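Below is one structure; the comments refer to it alone.
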Amino acid sequence: MELRAAALQALLATDTNHKGMILQAIPDDVVIDVERQFEVPSGVPGRPEKPELIAPGKVGRRSMVTVEGRAILIHALAHIEMNAINLATDILWRFPGMPPQFYRDWLKVAKEEAYHFQLLEGHLQSMGYHYGSFPAHNSLWEMAEKTNNDLLARLALVPRTLEARGLDVTPGLSAKLAQAGDQAGAAILGIIYRDEIGHVAIGNHWYNERCALQGIDTIETYAQLAQRYKAPKLRGPFNLDARKEAGFSDAELVALSQQESTEV
């Protein structure tokens with residue numbers, strides 16, 4: 001078994017259980033061919049026929065009052081985790097020439113995202129629904145497609161932008177689920193929140209390292225990449241403590257804090 005080839009196999013899998021099983025079967029000491037260039041296959045990413053993908057604004061409201069409303073929220077989170085699996089496996093096979101630790105880091109991320117999906121899918125089933133019961137949107141993967149040929153942009157705009165947003169909103173969602181009586185769902189979000197701090201930290205580490213190797217400023221470069229690839233604008237409130245733990249610099253946190261104060 002070779003890591004990057006196995007990651008591509010997992011990415012192409014259309015069955016969610018099979019996708020997770022491939023990842024969990026990869027040993028931590030797996031062989032890594034860091035130089036292999038893969039032909040881009042068809043069927044990327046592999047996904048089941050459902051959920052139907054629709055525009056973000058058409059995804060159902062996530063009321064906490066009813067079981068169905070809470071299920072819509074859990075389904076949306078499960079879809080985010082499925083996208084996160086695909087994002088982690090995609091970065092593994094698509095970008096050669098990185099140090100072995102880069103690939104080990106993203107394997108850890110992929111395995112943890114698969115575990116998160118498993119937890120959310122199981123909880124959804126306990127509520128009488130399943131992954132695919134509701135439509136979902138494709139915004140996370142669309143950013144991956146935009147950055148297919150630019151590793152620095154991928155690192156800047158997926159883990160450091162889209163996934164970092166989860167650090168801001170997950171504690172509040174967990175509290176709302178708990179208040180609505182869904183203690184199991186709240187506990188799952190607690191696990192996801194803990195792990196996602198580490199995932200964003202991995203994105204920050206490799207983004208900062210790439211910038212250092214190229215001799216470019218991290219903040220100026222981020223602004224340029226966000227504009228070039230039309231990343232969503234950062235909006236508060238921001239979880240500055242979690243972002244600091246995830247490796248955002250003091251200068252970035254000050255800028256976010258100032259932005260948040262102007263939004264109030």
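Assorted remarks:
- Scoring K233 on the criteria (1) surrounded by fewer than 16 Cβ atoms within 10 Å (Cβ to Cβ); (2) within 19 Å of the chain's Cα centre (by Cα); (3) farther than 28 Å from A71 by Cβ; (4) modelled with pLDDT of 95 or more leaves a single failure, condition (4).
- Count of residues meeting criterion [in a loop (DSSP other than H, G, I, E, B) and in contact with a strand residue (DSSP E or B) (Cβ under 8 Å, 6 or more places away or on another chain)] in the range 23-35: 3
Condition check ((1) at pLDDT below 95; (2) touching a Gly at 6+ places or on another chain (Cβ under 8 Å); (3) under 29 Å from G97 (Cα atoms)) across all residues:
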position: A7; (1), (2), (3): no, no, yes
position: A13; (1), (2), (3): no, yes, yes
position: M21; (1), (2), (3): no, no, yes
position: V34; (1), (2), (3): no, yes, yes
position: F38; (1), (2), (3): no, no, yes
position: P45; (1), (2), (3): no, no, yes
position: P48; (1), (2), (3): no, yes, no
position: P56; (1), (2), (3): yes, no, no
position: R61; (1), (2), (3): yes, yes, no
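- For the range 44-102, a tally of residues being touching a Phe, Trp or Tyr at 6+ places or on another chain (Cβ under 9 Å) and of a type in the set (S, T, Y) returns 1.
- Subset of the range 19-54 [free of Cβ contacts under 8 Å to residues at least 12 places away in the same chain and surrounded by 13 or more Cβ atoms within 10 Å (Cβ to Cβ)]: M21
- Qualifying residue in the range 192-212 (condition: closer than 19 Å to L107 by Cα and surrounded by fewer than 14 Cβ atoms within 10 Å (Cβ to Cβ)): yes
- Residue check for D168: in contact with a Gly (Cβ under 8 Å, 6 or more places away or on another chain), modelled with pLDDT of 95 or more and crowded, with 18+ Cβ neighbours inside 10 Å: yes
- The range 23-45: number of residues that are in contact with a Ser or Thr (Cβ under 9 Å, 6 or more places away or on another chain) and closer than 19 Å to E112 by Cβ: 2
- Evaluation of D168 against the conditions (1) farther than 24 Å from F238 by Cβ; (2) touching a Pro at 6+ places or on another chain (Cβ under 8 Å) shows that the sole unmet condition is (1).
The values are calculated or read from the model by the stated rules, or taken from the named source; none is laboratory data. No experiment lies behind these values; they were computed from the predicted model shown. Here Cβ is always computed from backbone atoms with ideal geometry, including for glycine, and neighbour counts include all displayed protein chains.
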